[in-house]
Ligand SMILES: N[C@@H](CCC(=O)N[C@@H](CS)C(=O)NCC(=O)O)C(=O)O
């Protein structure tokens, strides 16, 4: 089966974003293009003042949603305006079109449509990039923080935007007591955020956008190893850093909330669902119930974007468990009933999840015969 796939399809497989594909088929995300900085005292040329900046986002996008969450939690809604793009984009990029309006001929239509951008009347986000740098030839992405006064993009990096909301805008925030980047854990937080970015936030994309089986399997395995580690961490701690919720939690949340609905299926991150992780699932539901968070999550936009935008997605052979359940078993060598495992067999390996989930996943292959309980 795999040999046939390799021979017939992989050779011709089209990358989702051709310019961001390595020669060995890995997805290599472009760098964020605009990284100017808003400061409290204005020394950077961009002072933190009310109603000067505008945030363009997609509710589908995990990166953009993190900025939306930061804006909401800090209480910056009256200070920084917001416009949401149409979840479905075509080759012209993100559009300011009302997906619920029947009058515009619908998404992908070439007919003129009314702009939903109250600031500039843009029809496409590409116009903001063009005004900022006419030579920009990369991929137009959200989020975008726009300066209404200088009529240019200040920054299109969600990490920077969250940091500026937290630091530069604090004096203007309604919820001044919220600190998404506490100083006493700064180094540790940065380290964990980098890990989550690489293995999880971007990990799902590396699995989903690669065109090679090997690169896909590597990304997928790294992703699940990272989730297993966090599952363990959350067995000991309510949030990633104890009892307070910081930006790193929201960064993880933005991927977890999309996982079972999109990444498990569409990006073939299909070894396990978040639902299969006792601690991660509880953590996800806990965060979802924080004040104001549910309204930042729009499953309709999320599904419409991923399933209707990526017309070509890899045809690789999924690392799914095929989920032949072998039932509950004891760990080989342990006293009967002392440690229970729920085991599944797949063509690739036999996989066991501890019950209750106290430790990471166990690969049962090569451990001899497991005892059925
Ligand atoms: N700034 C982010 C990436 C932002 C990003 O890629 N956003 C996606 C939406 S989730 C986007 O705008 N994609 C444009 C497209 O699909 O053409 C990063 O570098 O990590």
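Where a number appears in this text, it was derived from the coordinates with a stated rule and is not lab data. Not measured: the values here are computed from a predicted model. A quick note on method: Cβ atoms are made from the backbone with ideal geometry, for glycine too, and the neighbour counts reach across all protein chains shown.
With a Förster radius of 25 Å, plug the Cβ-Cβ distance of residue 151 and residue 17 into 1/(1 + (r/R0)^6) and report the FRET value to the nearest 0.05.
The pair residue 151/residue 17 has a calculated efficiency of 0.35.
Sort the following peptides by mean Cβ neighbour count (other Cβ atoms within 10 Å, averaged over residues), highest first: 250-258, 31-39.
250-258, 31-39
What order do you get for 283-289, 203-209 when each peptide is scored by the mean count of other beta carbon atoms within 10 Å, highest first?
The most tightly packed comes first, giving 203-209, 283-289.
In nm, to one decimal, how far is the modelled label at residue 31 from the one at residue 136, with both set 7 Å along Cα→Cβ?
The two pseudo-label positions are separated by 1.6 nm.
Would you work out if segment 207-330 is rounded, prolate or oblate? Take a ≥ b ≥ c from the square roots of the eigenvalues of the alpha-carbon gyration tensor; rounded if a/c is under 1.5, else prolate when a/b is larger than b/c, oblate otherwise. Each step should come with its number before you reach the end.
Details: a/c = 1.91, a/b = 1.22, b/c = 1.56.
Oblate is the answer for segment 207-330, as a/c is 1.5 or above yet b/c matches or exceeds a/b.
At a 10 angstrom cut-off on C-beta neighbours, averaged per residue, how do the peptides 89-101, 66-78 rank from highest to lowest?
Answer by packing, highest mean first, reads 66-78, 89-101.
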